[in-house]
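Notes for the one structure printed next.
What follows draws every value from the coordinates through simple rules; no lab data is involved. For clarity, every value in this text was computed on a predicted model and none was experimentally measured. Virtual Cβ from ideal backbone geometry, glycine too; neighbours counted across all protein chains shown.
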Amino acid sequence: MSAAPDNPYDSGLDDLVRRMDPDRWLASRFVADLAARADVVALLAFNYELARVAGGVTNALMGEIRLTWWREAMEELAAGQPPRKHPAVEALAASGVDPLALARMAEARLADLEEAPFVDEAGVLAYLDATAGALAGLVAQRLDPAADPASVRAAARAYGLAGLWRLKLAGRSRLPFKWTAADLQALVAGQKTAARTELKALPIAAFPAVAVVALAGEQARGRDLSELEKKARLTWSVATGRI
């Protein structure tokens with residue numbers, strides 16, 4: 001499968017991301033260059049494959065085996081070996097994205113297989129930096145090589161925190177037991193404030209990498225946004241460069 005199809009809307013990976021990661025998929029529609037958009041979709045598909053491992057296995061050993069498969073697939077790309085026969089692997093092989101960075105993302109997802117909650121805020125943020133933050137950084141750099149991954153860190157944390165809260169409400173999150181809705185909302189707000197400063201250094205072309213943070217505040221409050229409202233918020237965010 002080509003990593004840069006003539007029309008990414010016809011891509012199986014594009015359809016997968018549209019269904020399973022609709023917020024980031026919507027943000028990817030603001031990437032005008034079709035080749036860059038297809039590479040972004042490949043990254044989002046890879047992230048989804050990693051994220052779904054923990055919920056799709058009955059024990060930690062099986063999850064570790066699956067995540068190891070992804071890590072080794074990326075390490076093989078880094079070593080110049082042919083890609084494994086998987087659409088996301090083949091697309092990433094042609095994308096030029098650093099496969100060792102992707103291997104580290106797979107390694108970081110081992111934390112999903114643990115049952116004990118994170119001990120404190122530092123543990124949560126470190127996890128988000130290695131997962132949502134790493135993804136946002138790679139997407140930003142694909143959209144503009146001059147993008148500094150550090151400039152998207154707080155934005156990725158804010159969006160990732162909102163996602164972890166939704167999982168907590170569904171009984172599937174490792175957020176600290178003592179955290180209340182108010183604690184989470186305050187932390188998301190703080191990260192968004194930090195993001196507004198950091199994002200000043202982000203090239204305009206790379207902004208779709210973090211546009212989803214415009215949805216984080218409402219999602220952290222447990223509010224489900226309609227498709228129309230999501231589109232409106234994302235459009236405003238990309239147009240103004242604000243979150």
Listed residues Val188, Leu202, Gly160: farthest to the positive end of the dipole of the chain (Cβ charges): Val188
Do you know the relative contact order of the chain, to the nearest whole percent, from alpha carbon pairs under 8 angstrom that are 6+ apart? 18
Spelling out what I want: for every residue of region 30-40, take phi, set θ = phi - 60°, compute 6.51 cos²θ - 1.76 cosθ + 1.60 (Karplus), and round to whole Hz; glycine and proline get x. 8, 8, 6, 5, 5, 5, 5, 4, 5, 5, 4
All lysines inside 21 Å of Lys178 as judged from Cα atoms, apart from same-chain residues fewer than 8 positions distant: Lys168
Structure-based [θ]222 nm, the chain - -39500 (n - 2.57) summed over DSSP H runs of at least 4, per residue, nearest 500: -18000 deg cm²/dmol
In whole Å, how far is the Cα centre of region 14-64 from that of region 165-234? 18
Taking K and R as +1 and D and E as -1, what net charge do the other residues with C-beta under 12 Å from the C-beta of Gly190 add up to? +1
Given a 10 angstrom Cα cut-off, can you work out which residue in Val119, Val40, Val212 is the most mobile in a GNM of the chain? Val119
Output needed: percent of Cα pairs per 10 Å distance bin for region 1-114, bins running from 0 to the one holding the longest distance. 15, 44, 33, 7, 0
Multiplying the sequence separation of Glu64 and Ala146 by 0.36 nm and subtracting their Cα-Cα distance, what value in nm do you get? 26.1 nm
